[in-house]
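Asks: Have a look at the structure that comes next, please.
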Amino acid sequence: MIKAKDVVKVFHSHGMTIRAVDGVSTEVEKGEVVVVIGPSGSGKSTFLRCINGLDMFDEGHVIIDGVDLADKKTNINKVRAEVGMVFQQFNLFPHKTVLENLTLAQRKVRKRDKKTADEKSRMLLAKVGIPEKADQYPSRLSGGQQQRVAIARALAMDPKVMLFDEPTSALDPEMVGEVLDVMKQLAREGMTMIVVTHEMGFAREVADRVIFMDEGKVVEVGTPEHFFTNPQEERAKLFLKQVL
Amino acid sequence: MNATQNGWPWKLLLVVILLGTAAGTWGAVSKIDYKWRWYRVPQYFLYHAEDAQKIPFDGTVSVIKKSGKSTTVVLLSETQEQVEVTVDSDELKVSEGESLFEGDTVGFTRQWRLGPLMMGLWTTLWLSAIASVFALVLGLVTGLAKISSNFTLRSLAIIYIECIRGTPLLVQIFIAYFFLGTVFNLSRNVCGVGALALFAGAYVAEIVRAGIQAIPKGQMEAARSLGMTVSQTMIEIILPQAFKKILPPLSGQFISLVKDSSLVSVIAITDLTKSGREIITSTFAPFEIWMVVAAMYLLVTSLLSQIVYYMERRLAVSD
Ligand SMILES: Nc1ncnc2c1ncn2[C@@H]1O[C@H](COP(=O)(O)OP(=O)(O)OP(=O)(O)O)[C@@H](O)[C@H]1O
Ligand SMILES: [Mg+2]
């Protein structure tokens with residue numbers, strides 16, 4: 001389904017060269033939930049952004065459903081429509097209502113008519129538990145509600161895979177649960193997901209596989225049981241000691 | 001404690017200062033023995049024009065048909081050519097059967113006409129309006145070019161903006177008229193509008209650039225991650241939000257444009273300022289005319305401010 005091969009992403013800033021992602025390879029099967037963890041600055045976000053081409057990587061290959069992003073002939077917009085992404089800061093469109101947030105890309109990219117897009121949007125808003133907010137502007141919603149709208153917006157494109165970049169990090173603690181519940185439900189329904197998070201409980205409960213990254217490299221990979229009870233690498237042990 | 005001082009003593013002080021200024025001005029003017037002639041001003045807004053209707057040939061008045069306020073006079077030339085002339089009934093100067101020479105007055109027509117101040121205002125308004133539209137388009141394109149990743153586009157935008165912002169508008173108008181106008185054979189109106197549009201465009205470009213850059217990067221990323229193209233994202237997401245942010249500085253720029261348009265009077269475009277100057281040469285009321293001209297500019301700019309204020313309130317619904 002998704003295959004990353006020796007992905008390298010280098011940033012040049014202030015005369016320094018940062019290998020934010022340094023030769024990461026992994027494969028994600030259809031319906032699999034992969035959780036990526038690691039200390040701050042380890043390249044988790046950058047890796048995620050390479051998967052949908054928000055950051056164009058310098059070396060390697062990312063192949064989504066047989067389409068190689070490194071191939072110059074690939075239409076990146078088409079690929080992105082198949083890859084949903086949820087951001088830490090929600091990034092809802094503030095000048096559009098909740099419903100318009102959901103319908104915009106359906107109509108512009110998927111070319112659905114208004115009725116179909118509206119129906120699909122209302123169905124998804126019901127699914128994430130806020131059907132009554134359809135005509136509100138995002139600024140009127142709580143953080144948890146905004147993030148659920150953002151998830152619904154990504155789902156409206158019928159993506160093949162969903163990427164989450166610390167979706168609960170910007171939320172007040174009491175709202176984390178409602179967002180994680182939506183994500184758990186998605187996982188149960190068989191959505192392919194790559195999730196960067198610091199919520200170890202979520203990783204334990206939902207992940208099929210945990211990837212631990214540090215300094216742009218994959219340091220350890222394993223099932224949640226293996227990873228949380230018996231990590232092999234020193235750095236992983238150290239990290240777990242800090243977050244658990 | 002009191003952060004805003006707007007109690008009645010301060011209002012009183014304001015009134016005293018304003019009255020003092022007025023009285024001081026009045027006193028100074030009376031010393032130089034200036035004769036105010038305000039009564040001469042209204043005719044430059046609106047006047048009752050009287051046009052003489054004349055006979056185009058030597059001939060006779062054959063028929064006079066009165067119908068209410070206007071009268072139709074049928075004139076017959078020596079070669080049996082017929083011409084009808086319409087005049088106001090109470091201004092008829094001929095009678096049936098009278099013979100006239102070419103150029104004799106048959107009668108007068110009277111009608112209300114806009115005076116030079118109104119015509120000048122009209123010129124100022126359309127000049128500014130057209131220049132604004134071009135400035136907006138130019139500013140939008142240049143602003144986008146300035147933040148584009150393409151080196152050539154970016155450099156062109158920077159050169160244009162720096163050249164315009166680093167030179168006086170008056171000089172730009174002279175260059176547009178005496179140099180470009182002569183070389184490319186352009187009319188003075190084209191030169192005037194063009195110079196104003198180029199001038200305002202450079203400032204609009206900077207406003208647009210700042211507005212776009214003020215939109216969080218996450219907006220572009222969210223839209224792109226949904227598969228939207230750069231131009232779709234610009235049109236649907238970035239520009240609408242940026243527009244809301246830049247509306248106050250943008251409207252300030254356009255209001256400035258209305259005022260700056262007074263400089264085109266130097267290339268003999270009869271705008272409000274030029275009309276004022278022309279009126280003063282035929283009347284002896286420079287103080288009155290300049291004050292009226294200033295008041296007319298003030299009226300236009302405050303009206304524009306009000307419209308912008310209303311638009312801002314309308315756009316604030318999503319806050
Ligand atoms: N646009 C950029 N320009 C320059 N350097 C960048 C850029 N984005 C990320 N980096 C650098 O790349 C490295 C990896 O950053 P990244 O955001 O991927 O880390 P992360 O694991 O997501 O961290 P966090 O947990 O804090 O979100 C960091 O050293 C960061 O400073
Ligand atoms: Mg991150």
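Every number here is computed from the coordinates shown, using simple stated rules; none is lab data. Remember, it's a predicted structure, so these values are computed and weren't measured experimentally. Every residue, glycine as well, gets a Cβ built from its backbone with ideal geometry; the counts of neighbours run over all protein chains shown.
Asks: Kindly provide log₁₀ I(q)/I(0) values, in the same order as q = 0.25 Å⁻¹, from the Debye equation applied to equal alpha-carbon scatterers of the stretch B:43-114.
Replies: Debye intensities relative to I(0), on a log10 scale: -1.05.
Asks: Only Cα pairs under 8 Å and at least 6 apart count here; give the relative contact order of chain A as a rounded whole percent.
Replies: 27
Asks: Next question, about the same structure. Find the Cα radius of gyration of the stretch A:1-101, compare it with 2.2 N^0.38 Å by division, and give the number to two decimals.
Replies: For the stretch A:1-101, the normalised Cα radius of gyration is 1.18.
Asks: Can you sort B:Cys191, B:Cys163 by how many other beta carbons sit within 10 Å, fewest first?
Replies: Least to most surrounded, the residues fall as B:Cys163, B:Cys191.
Asks: Which of A:Asp58, B:Asp88 comes first, and how do the rest follow, when ranked by fewest Cβ neighbours within 10 Å?
Replies: A:Asp58, B:Asp88
Asks: Right, something else. I'm checking a number: the convex hull volume of the Cα atoms of the protein assembly as shown, normalised per residue, in Å³. What is it?
Replies: 313
Asks: Here's something else I'd like to know. In whole Å, how far is the Cα centre of the stretch B:1-59 from that of the stretch B:280-301?
Replies: When both Cα centres are located, 8 Å separates them.
Asks: If one computes the Cα centroid of the stretch A:219-244 and of the stretch A:123-161, what distance in Å separates the two points?
Replies: 34
Asks: Give me the percent relative contact order of the stretch B:116-265, please, defined on Cα pairs under 8 angstrom at least 6 residues apart.
Replies: So the answer I get is 33 percent.
Asks: For chain A, with a Gaussian network of springs between Cα atoms less than 10 Å apart, report the residue from A:Ile51, A:Ile37, A:Ile18 with the top mean-square fluctuation.
Replies: Evaluated over chain A, the most mobile residue of the options is A:Ile18.
Asks: Then there is this: Would you be so kind as to identify all helices of chain B, as entire DSSP H runs, whose Cα atoms reach 15 Å or more along the helix's own axis and whose mean Kyte-Doolittle hydropathy is at least -1.0?
Replies: Length and hydropathy pass: B:8-31, B:116-146, B:151-165, B:188-213, B:239-260, B:272-282, B:286-315.
Asks: Follow-up question, since we're still on this one. Which of the chymotrypsin sites (Phe, Trp or Tyr not before Pro) found in the stretch B:247-319 are in a DSSP loop and have at most 13 neighbouring Cβ atoms, other than their own, within 10 Å?
Replies: Filter output for the stretch B:247-319: B:Phe284.
Asks: Using each residue's phi in the stretch B:169-178, evaluate 6.51 cos²θ - 1.76 cosθ + 1.60 at θ = phi - 60° and report the 3J(HN,Hα) Karplus result to the nearest Hz, with x for Gly and Pro.
Replies: Result, rounded to whole Hz: 4, 4, 5, 4, 5, 4, 5, 4, 7, 7.
Asks: Neighbour counts of other C-beta atoms within 10 Å: give me A:Asp55, B:Asp58 arranged from fewest to most.
Replies: So the ranking, lowest neighbour count to highest, is B:Asp58, A:Asp55.
Asks: While we're on this one: Quantify how much of the Cα-Cα distance distribution of the stretch B:1-42 extends past 13 Å, in percent.
Replies: Percent of Cα pairs beyond 13 Å in the stretch B:1-42: 69.
Asks: Continuing with this model, one more query. Amide H to amide H under 5 Å from B:Leu100: which residues, 5+ apart in sequence or cross-chain, H placed 1.01 Å off N in plane?
Replies: Here B:Gly59, B:Thr60, B:Val61 satisfy the definition.
Asks: Within chain A, what is the longest stretch that has no trypsin sites (Lys or Arg not before Pro) placed in a DSSP loop and near at most 15 other beta-carbon atoms within 10 Å?
Replies: Segment A:112-244 is the longest.
Asks: Let me ask another. Sort largest first and round to whole Å: the equivalent ellipsoid semi-axes of chain B, each the square root of five times a Cα gyration tensor eigenvalue.
Replies: Listed largest to smallest, the semi-axes of chain B are 53, 31, 21 Å.
Asks: Could you work out [θ]222 nm for the protein assembly as shown from helices alone, using -39500 (n - 2.57) per DSSP H run of at least four and dividing by all its residues? Round to the nearest 500 deg cm²/dmol.
Replies: Using -39500 (n - 2.57) per qualifying helix, the result is -15500 deg cm²/dmol.
Asks: With no solvent and one equal point scatterer placed on each C-alpha of the stretch B:116-265, evaluate the Debye formula and give log10 I(q)/I(0) for q = 0.20 Å⁻¹, two decimals.
Replies: Log10 I(q)/I(0), no solvent term: -1.19.
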